[in-house]
Amino acid sequence: MGGLPGGLSPSAIDNLAGLSNCYPDHKQGRKQPATVPWRSAPAFAAALARTHASPPSANPRQSPRRLLARRHAEWGFALTEEALEAYRSDGPKAGMAVKKGPSHLLGNSAWNATAFAVAVLLNLAILPFVIFRLGLAAFGVAGLVTACAAPALMFSNALGLSTARELAQRLEPSDHDQARRFFGTALALAIVLGGLIAALLAFAGAPLARRGFHLGGPAAEDLGLAFALAGAGWLFQCLFAVFLSLFTARQDYRRIASISITGTVVTTMSMLLLIPYAPRASTFLGCQALGFATNLVMAFAWSRHALSDWLARPALDRGALRALVKLGGWQFAAQSGALFAGQADRYLLGALLQPQFVGFYSVAQRLEEAVYIGVLKIGEILFPFFSTLQREDDDRKVDLLLRSS
């Protein structure tokens with residue numbers, strides 16, 4: 001840190017910061033809590049130098065212990081104000097643990113609900129245009145392709161949730177290396193296993209769909225391209241889930257909502273521009289893949305800018321892999337039944353009826369999903385919040401649980 005005004009050395013700063021926890025409160029008869037946040041920050045040195053340069057008006061008959069207590073109280077106030085101002089101006093720095101209380105849950109829920117509301121409104125607004133331009137048969141084919149790709153979400157969702165949980169428990173600077181190993185392992189799993197799943201959808205999806213759903217005619221001419229674009233879009237989602245876990249672990253739902261809204265806007269605008277020129281199912285799925293790619297690019301750029309020290313190259317670590325599989329396996333099992341049950345009706349309609357009936361059903365299902373998924377989105381922010389409480393004592397956990405409920 002170098003020399004500081006007022007003749008204070010770094011060792012003296014450390015000693016004084018430690019003493020601020022040790023002097024007694026003469027009136028209460030107990031130790032006072034520490035009031036020195038982020039002692040390694042430049043703001044600490046600046047505030048300490050200013051308070052040292054302007055000593056308080058002291059009574060010469062006061063004891064040295066009381067003078068020291070008074071000086072520490074003034075330093076603690078200045079340091080707290082300085083650190084708070086630095087946080088407000090620059091935002092949370094990489095490597096700084098972000099601990100949020102129940103008062104932040106309402107704001108996080110508002111950001112999440114806003115992003116979901118924008119997505120629902122834009123999707124419902126563009127739906128009549130898409131059906132009119134594509135036709136119900138092509139829209140039904142797109143719905144069947146989406147239903148076939150939906151089981152892959154079991155892997156990407158489980159990977160994103162398990163990574164967010166592990167990173168949420170390792171936000172302290174001392175856990176920096178371990179958090180990087182978890183991120184690198186998750187990214188390697190997304191690239192290797194995600195690439196294999198996307199390739200399976202691209203090459204095997206169309207032949208199986210033609211055989212299982214008896215697809216043919218003009219609406220299914222581009223079925224191979226539709227599955228390739230659906231697989232690419234899912235792979236973008238899978239990689240995006242890993243980068244998004246960095247922000248989810250820190251409960252930064254303002255950025256998460258911004259990314260989601262931008263991706264939805266890109267998808268909607270691309271549909272308005274491209275579907276009239278190529279009214280096919282593959283165009284619809286390609287526009288969705290473009291929105292997912294936008295989400296991935298934004299998450300990657302934002303993480304490089306704000307959390308570059310916490311990123312890592314794809315690499316498998318045995319300990320991190322074991323922890324991710326331990327939670328991710330349960331998440332995979334829990335979501336598998338729900339996802340298959342949610343798509344079973346489309347599979348049945350596609351096997352027994354023409355694609356246009358799947359299109360009719362998809363329109364009705366979108367309206368239904370907009371109601372109950374909105375409630376889930378509002379409460380979704382509790383997962384990273386409670387993941388950060390694993391190291392808290394039981395009384396603290398119970399208190400925060402009751403407040404959150």
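Read-outs: derived from the displayed coordinates by stated rules, not from any lab. These numbers come from a predicted model, not from an experiment. All Cβ positions, glycine included, derive from the backbone under ideal geometry; neighbour counts span all protein chains shown.
Annotations
- Table column - 3J(HN,Hα) (Hz), segment 230-244, Karplus curve with 6.51, -1.76, 1.60, x for Gly and Pro: 5, x, 5, x, 5, 5, 4, 4, 5, 5, 4, 4, 5, 5, 5
- Cα Rg, Dmax (largest Cα-Cα span) when computed across segment 159-274, Å: 18.2, 61
- Each peptide among 269-281, 158-170 gets the average number of other Cβ atoms lying within 10 Å of its residues, and from highest to lowest they stand as 158-170, 269-281.
- Extension reserve of the PHE360-ALA334 stretch, reckoned as 0.36 nm per residue once the Cα distance is removed: 6.4 nm
- Projected over all directions and averaged, the alpha-carbon convex hull of segment 110-404 occupies 15.3 nm².
- Counting other Cβ atoms within 10 Å as a rough exposure proxy, the listed residues PHE139, PHE284, PHE129 run PHE129, PHE139, PHE284 from fewest neighbours to most.
- Point-to-point label distance, ASP175-ALA341, nm (Cα→Cβ direction, 7 Å offset): 3.3
- Packing-based order for 338-351, 219-232, using average beta carbon neighbours within 10 Å, highest first: 219-232, 338-351
- Positive minus negative residues near LEU316 (Lys, Arg vs Asp, Glu; Cβ under 14 Å): +4
- As a proxy for reagent exposure, TRP111, TRP330 were ordered by neighbouring Cβ count within 10 angstrom, fewest first; the result is TRP330, TRP111.
- Gain upon complete extension [ALA351, ASP309; 0.36 nm per residue less C-alpha separation]: 10.1 nm
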